[in-house]
1. Report the net charge of residues surrounding Q90, where surrounding means a beta-carbon distance below 14 angstrom and charges are Lys +1, Arg +1, Asp -1, Glu -1.
2. What does the charge add up to near A78, with Lys and Arg as +1, Asp and Glu as -1, over the other residues with Cβ less than 14 Å from its Cβ?
3. What number, rounded to the nearest 500 deg cm²/dmol, is the helix-based mean residue ellipticity at 222 nm of the chain, given -39500 (n - 2.57) per DSSP H run of at least four residues and division by all its residues?
4. Work the Kirkwood hydrodynamic radius out for segment 259-315: mean of 1/r over every pair of different alpha-carbon atoms, inverted, in Å.
5. In the chain, if the dipole is taken from +1 on Lys/Arg beta carbons and -1 on Asp/Glu beta carbons about the Cα centre, which of A245, A272, L14 is farthest to the positive end?
6. Starting from the Cα of K2, draw a straight line to each of the lysines and keep only those under 26 Å, dropping any in the same chain fewer than 8 residues away.
7. Taking the solvent-accessible surface of protein heavy atoms with a 1.4 Å probe, what is the per residue accessible area of the chain in Å²?
8. What residue among S254, P282, V221 has its Cα farthest toward the positive end of the dipole of segment 162-294, where the charges are +1 on Lys, Arg and -1 on Asp, Glu, each on the Cβ?
Amino acid sequence: MKALQYHGRGDIRLNDVPEPEPGPGEVKVAIAAAGICGSDIHEYRGGPIAVPMTDAHPLTGEHAPVTLGHEFAGTVVAVGEGVTDVQVGQRVAASAVVRCGTCPSCAQGLPQLCATLGFHGLSGGGGAFAAFDTFPAYLAHALPDSVSDQVGAMLEPLATGVHAVGRAGIGPGSTALILGGGPIGLMTAVAAQAAGAEQVIVSEPAAGRAKAAERVGATTVLDPRSDDVVAAVRDLTGGRGVDAAFDAAAVATSFDTALGSVRPRGTLVNVAVWEQPTPLNPTALLFTEATITGALAYTDAEFERAVEIAATGAHDLASLVSREISLDDAVTEGFDRLATDPGDDIKVLVRPS
Ligand SMILES: [Zn+2]
Ligand SMILES: [Zn+2]
């Protein structure tokens with residue numbers, strides 16, 4: 001079968017690889033749809049970041065070239081020895097968080113902080129930009145019939161949004177500012193509303209992404225090129241600032257804007273991969289006693305919460321799919337376009353078969 005594999009920065013190839021069969025504890029899934037993630041683009045344009053290039057990843061035993069693709073939905077077509085909780089014929093989405101299961105973080109239910117953390121679709125051991133994928137059964141999450149393949153392929157980033165809002169304690173009545181209306185920013189907006197936030201303000205310059213923020217229910221959408229975001233946030237929150245600001249933009253000004261927008265003792269959550277460091281003036285923290293933290297991936301419970309949110313149908317997640325492309329076109333129409341000029345693209349789905 002053909003698989004889209006990462007060889008190095010700027011070098012992704014459609015290779016012929018053997019069709020995988022599930023080993024003990026693994027499932028084999030026929031991929032229906034797989035999304036191109038911002039982290040795939042970071043690997044392509046600025047990487048390698050998470051892909052092991054020369055030393056094999058300790059959990060997958062593999063290094064580059066590795067098959068990419070970690071946001072997907074499909075149908076289980078085979079299960080390996082010892083798999084009892086996933087059945088052939090079941091539709092599933094999957095967590096990407098490959099973990100050891102025994103380190104202190106894993107023991108605490110925080111697999112995303114595993115001492116030997118890997119990501120399915122980046123760290124070797126398979127990936128979803130192929131007709132078939134195999135992975136440990138513990139990564140699989142069953143999909144209800146009400147969740148389409150398209151939406152199922154977006155549960156992984158939605159789970160990231162669920163985790164991000166959890167890191168900031170967003171709940172009923174909260175106020176949130178989200179910088180960047182790309183997929184992760186928009187999923188954070190959806191998760192904030194699902195958690196009961198009263199105000200969800202999104203700052204995004206691209207017109208198509210700004211409209212998408214409105215479609216998924218942002219209460220205010222600002223344009224950072226023409227609006228003074230910090231001043232606008234103060235206006236919208238009675239001068240106080242938001243409970244939490246999420247940096248999903250990773251541009252030169254976004255961290256400062258986030259820090260300037262939070263209320264006293266508010267929280268700034270970085271959910272972005274930065275290809276370059278950014279300046280930070282720690283004195284700014286004195287006057288707000290703000291907390292700066294990060295959010296990486298999600299726990300298994302947060303992935304389940306993402307499935308629940310999608311199943312309510314309350315958020316128009318399918319509207320975030322801007323294009324669907326074939327595996328053959330994935331480099332030119334997917335990676336190249338998203339790496340150079342994403343424009344109004346939001347989520348591009350690859351349909352492997
Ligand atoms: Zn991703
Ligand atoms: Zn671990």
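1. It works out to a net charge of -1.
2. -4
3. Helix contribution divided over all residues of the chain: -6500 deg cm²/dmol.
4. Result for segment 259-315, one decimal place: 14.1 Å.
5. Ranked along the dipole, the leading option is A245.
6. Of all the lysines, those that pass the test against K2 - Cα under 26 Å, at least 8 places apart if same chain - are K28, K347.
7. 40
8. V221
The values are calculated or read from the model by the stated rules, or taken from the named source; none is laboratory data. Because the structure is a prediction, the values reported are computed rather than measured. So basically every Cβ, Gly included, is an ideal-geometry build from the backbone, and we count neighbours across all protein chains shown. Accessible surface is based on the protein model in full, side chains and every heavy atom, while ligands, DNA and RNA are left aside. Shrake-Rupley method; radii C 1.70, N 1.55, O 1.52, S 1.80 Å.
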